Amino acid sequence: METIIKKAGALKPLPDDSDLAFGTIFTDHMFNMDYDPDNGWHSPRIEPYGSFPMDPSTMVLHYGQSIFEGLKAFKAPGDRIQLFRPEENFRRFNRSARRMCIPELDEEFALKAGKELVRLERRWVPSAPGTSLYIRPTMIAMDPFLGVRASYTYRFFIILSPVGAYYKEGFNPVKIWVTEKYVRAVPGGVGEVKTAGNYAASLYAGEEAHENGYTQVLWLDGVERKYVEEVGSMNIFFVIDDEIITPELSGSILAGITRDSVIALARKWGYPVTERRISIDEVVEAHGVGRLQECFGSGTAAVISPVGEIKYKDKKLKIGDGKVGSWARKFFDAITDIQYGRAEDTEDWVHPVE
Ligand SMILES: *Cc1c(COP(=O)(O)O)cnc(C)c1O
């Protein structure tokens, strides 16, 4: 299949690298491809970024049959552009597709399309420290139909957005709120899928946290409300007695690529790292006897997000001395050094865009 390229007539002015936010600016072009049962995935094309018409009855708007991915392109020394473990994103995209009854696509083709788009938009990859070009592949149900069933037609698109450094005011610990009222996912549900509804479902708990002065929600399991699952839309790690612990992938936790990278590096460095269930009571207890050394989240947006305080019931657990812990710092530096080409890519994680 040949991707047709239709270039934009006039190009947008580039934003200033130093004051980029997240997800507000989009590049000149996007990738589009359609699916119908007779033709399968067809008509791949790169065309000017823009809106496309949708019937008010379009299924995705009503029943949320929609999946997405998030990855980044980084500017490395010598003006090279590189992606971080992108094949993992497209593999997960297809896993998400299967669970949401969306037809899978050729992962290699999709990755190639993403690279082709980034190559065309290379002037949009920012170079200021901590900045990157965010890549958002998305797939949505397109049938104009109000019955509840899987759609027959779909749209797959990729859009690009230059994003600023996540830590503009420095790499600072966040305060997180353990919600006892709401859950994110249950076993057998779609917690392990990057599907739109999960994020809509999380907003209300986020507001509860914000009203109480906390930045993120710490989610407990949906059955016993006892085991830690994720923080906001990141995976979570604890360091207790020099052991790095992260909740095992139980089916209701999103299998983060950053999570996997932290585990891989920890193992390589010879540190004890365990994927297992960890209850909030164990965290409280470890904190009480001074054994909880660190807690941090992991995800593409922030890479590592150190946690400085956990609020659970009437307890406020202060972690460390209010500064970023040494583990969080070590993982953040190691991963970002590979992403930005400042360190050797010993794990074969980087894909050049060329
Ligand atoms: C995307 C996401 C993550 C992090 O995944 P990465 O591949 O590391 O970016 C974690 N939890 C949720 C709910 C997510 O949507």
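Quick note: the coordinates plus some simple rules give every number you see, no bench work behind them. Predicted model only: the values in this text are computed from it and were never measured. Positions of Cβ are generated from backbone atoms using ideal geometry, with glycine treated the same way; all protein chains shown enter the neighbour counts.
Annotations for the structure displayed:
- Those lysines that a straight Cα-Cα span of less than 30 Å connects to residue 7, excepting residues fewer than 8 apart in one chain: 72, 75, 112, 115
- Bins of 5 Å, starting at 0 and running to the largest distance - Cα pair percent for region 146-203: 4, 9, 12, 15, 20, 17, 11, 7, 4, 2
- Top positive-direction residue, dipole computed over region 173-286 with Cβ charges, set 270, 257, 245: 257
- Computed from the alpha carbon positions, the gyration tensor of region 174-339 leads to an equivalent ellipsoid with semi-axes of 22, 19, 15 Å, biggest first.
- In region 51-107, Rg over Rh equals 1.13, where Rg is the alpha-carbon radius of gyration and Rh the Kirkwood radius from pairwise Cα distances.
- Region 306-354: trypsin sites (Lys or Arg not before Pro) in DSSP coil with no more than 10 other Cβ atoms inside 10 Å: 313
- Distance from the C-alpha centroid of region 89-153 to that of region 266-324: 32 Å, rounded to the whole angstrom.
- Within region 4-164, the percentage of alpha carbon pairs spaced more than 26 angstrom apart rounds to 29%.
- For the chain, the spread of Cα positions along the three principal axes, ordered from largest to smallest, is 62, 53, 36 Å.
- Each Lys and Arg contributes +1 and each Asp and Glu -1, all at the Cβ; summed about the Cα centre of the chain, the dipole is approximately 320 debye.
- Among the DSSP helices (H) of the chain, those spanning at least 18 angstrom by Cα along their long axis with an average Kyte-Doolittle hydropathy of -0.5 or more are 107-120, 326-339; this is a geometric and hydropathy rule only.
- Sites matching trypsin sites (Lys or Arg not before Pro) across region 82-158 that sit in DSSP coil, with at most 14 neighbouring C-beta atoms within 10 Å: 149
- Cα-centre dipole for region 1-131 with unit charges at Cβ (Lys and Arg positive, Asp and Glu negative), debye to 20: 400 debye
- Phi angles across region 301-313 convert, under the Karplus curve 6.51 cos²θ - 1.76 cosθ + 1.60 with θ = phi - 60°, into 3J(HN,Hα) values of 4, 9, 6, 10, 10, x, 9, x, 8, 10, 9, 9, 6 Hz, Gly and Pro given as x.
- Looking at region 1-85, the trypsin sites (Lys or Arg not before Pro) that sit in a DSSP loop and have at most 13 other Cβ atoms within 10 Å of their own Cβ are 6, 7.
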